[in-house]
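To start, the structure under review is shown below, and the notes come after it.
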Ligand code: UN1
């Protein structure tokens, strides 16, 4: 066992696991970031017991104490954002600027919930009976199981852990097995800077099939919040439903970006490039279907190709890199599969979609733009989760709206237009959970509700004050004096 092994945190103690996970840099597969202990199922159960037992202690802390803990955590994350961003980019492959941006967002989330801890209120209603008081209060749920994906290794953990703790719940946290580094660094800050009593926060690293499954199945875990693939999300949802646990699922997207013929071309290209390719397209909010009015189609595609030629795909930590590598070989295989399927179904790859050799061995794929696609093609139905965007040509706004809404997902949807009429209509009639006008479909504010409809999300919204819906239970009390 190496002394540098990064351990799980269970019941207030750092604990070795049953296996060792080597964390590899996707920009340079020869670079091992560190060794991380995978927890066993027994350890996951110990973490759950510890969180269960610590509930009362944490609930008895005052709102101010919990607020101060969140504030100290946020302060340390922000002070160390460059170092944390560096680690994040090194293990996940997004660029250093994106990594630092994400670490900053995580710090800001803790600051936001430091305020929210003090702001949790209730309601007083008039009763229909004389002399009776009706009060509606919010209480913690208990133990929250948190399961997070690899594409936002620090921000998504932050926006689930911060509200869970701020609203007096205790936590068992399982980060993605692919990127345990940022999550471990976050956990270390949480327990030390937060000065949390033992058991309030537990980190159990490892595979979803073992550790995650133990959390989902345990009757002591009152609520599960999950961000990840639609397939896993559905299974988790069904298991939670079976045992009556509260569940919140953030799954995939097949987000449309509509480009109308009155759009400002430069702006539309920037919005599309950002939404489709930044963070290597590995965002559930990414613009994967670019729906373009026929009168601007050729000009838009030409301008996209021109702009894409200026983008540097390279090692995530190089200053001049715009697009880092894909996060893993599995994800790269998936991206290539969808590019091939689009070509087989008649799509034209007008830019990118090629494996790139760089100074260091990594999962480099040039961002791909595919034209001549239609909405029934597999690449337009299923989530790719890579730097791959397809263009769908439409005759007019009505067709654009119809195509945009014709998806089993419904997370984010965007439109580029200078028309107030069409922008307003799109805001009203898009069936996505988040609608963007002249801004990218991805890259959301940390204090606004986040979530989608249909196959994208299940349960209440994340982030902002809306997070309290998931992390608290409502109680109505009636009192006759
Ligand atoms: C963003 O676009 O800023 O997994 C956030 C994801 C989303 C988060 C996207 N849950 O990509």
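The values are calculated or read from the model by the stated rules, or taken from the named source; none is laboratory data. Everything numeric here is computed off the predicted structure, so don't read it as measured data. When we count neighbours, we look across all protein chains shown, and the Cβ atoms used for this are built from the backbone with ideal geometry, even at glycine.
For the reader, a short list of remarks on this structure follows.
- For residue 137, the test of being farther than 19 Å from residue 68 by Cβ and either modelled with pLDDT under 95 or assigned to a helix (DSSP H, G or I) (or both) is failed.
- Scan of segment 109-150 for residues that are touching a strand residue (DSSP E or B) at 6+ places or on another chain (Cβ under 9 Å) and within 16 Å of the ligand (Cβ to nearest atom), ordered by number: 146, 147, 148, 149
- Residues in segment 447-458 that are surrounded by fewer than 21 Cβ atoms within 10 Å (Cβ to Cβ) and part of a loop (DSSP other than H, G, I, E, B): 447, 448, 449, 453.
- So residue 330, is it within 25 Å of residue 263 (Cα to Cα), modelled with pLDDT of 95 or more and out of contact with any strand residue (DSSP E or B) (no Cβ under 8 Å at 6 or more places or on another chain): no
- For the residues 162, 106, 185, the requirement of being within 14 Å of the ligand (Cβ to nearest atom), assigned to a helix (DSSP H, G or I), closer than 26 Å to residue 81 by Cβ and in contact with a helix residue (DSSP H, G or I) (Cβ under 8 Å, 6 or more places away or on another chain) singles out 106.
- Wholly enclosed helices (runs of 4 or more DSSP H) of segment 352-435 bearing at least 3 residues modelled with pLDDT of 95 or more, outside the structural domain of residue 327 (by TED's automatic domain parsing) and within 26 Å of residue 309 (Cα to Cα): none
- Qualifying residues in segment 437-451 (those that are out of contact with any strand residue (DSSP E or B) (no Cβ under 6 Å at 6 or more places or on another chain) and more than 9 Å from the ligand (Cβ to nearest atom)) - the one nearest to residue 256 (Cα to Cα): 439
- Residue within segment 190-208 that is modelled with pLDDT under 95, within 16 Å of the ligand (Cβ to nearest atom) and assigned to a helix (DSSP H, G or I) present: yes
- With respect to the conditions (1) within 15 Å of the ligand (Cβ to nearest atom); (2) in a loop (DSSP other than H, G, I, E, B); (3) surrounded by fewer than 24 Cβ atoms within 10 Å (Cβ to Cβ), residue 153 lacks only one, and its number is (3).
- Candidates in segment 17-38 are the residues that are modelled with pLDDT of 95 or more and assigned to a loop (DSSP other than H, G, I, E, B); of these, the one that is surrounded by the most Cβ atoms within 10 Å (Cβ to Cβ) is 26.
- Segment 237-288: number of residues that are within 15 Å of the ligand (Cβ to nearest atom) and over 26 Å from residue 354 (Cβ atoms): 4
- Assessment of segment 378-385 against the conditions (surrounded by fewer than 17 Cβ atoms within 10 Å (Cβ to Cβ) and either touching a residue at least 60 places away in the same chain (Cβ under 8 Å) or in contact with a helix residue (DSSP H, G or I) (Cβ under 7 Å, 6 or more places away or on another chain) (or both)) yields at least one matching residue.
- Segment 209-226: number of residues that are out of contact with any strand residue (DSSP E or B) (no Cβ under 7 Å at 6 or more places or on another chain) and not in a loop (DSSP other than H, G, I, E, B): 5
- Taken over segment 136-157, the residue count meeting the criterion of being farther than 13 Å from residue 203 by Cα and under 10 Å from the mean Cα position of the chain (by Cα) is 8.
- Qualifying residue in segment 292-315 (condition: farther than 24 Å from residue 271 by Cβ and under 28 Å from the mean Cα position of the chain (by Cα)): yes
Yes or no, residue by residue, for (1) assigned to a loop (DSSP other than H, G, I, E, B); (2) within 19 Å of the chain's Cα centre (by Cα):
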position: 57; (1), (2): no, no
position: 75; (1), (2): no, no
position: 82; (1), (2): no, no
position: 100; (1), (2): no, yes
position: 118; (1), (2): no, no
position: 128; (1), (2): yes, no
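- Residue ranges of helices (runs of 4 or more DSSP H) in segment 227-323 with at least 2 members assigned by TED's automatic domain parsing to the domain that holds residue 336, in contact (Cβ under 8 Å) with a residue 24 or more places away in the chain and in contact with a strand residue (DSSP E or B) (Cβ under 7 Å, 6 or more places away or on another chain): 265-277, 294-308
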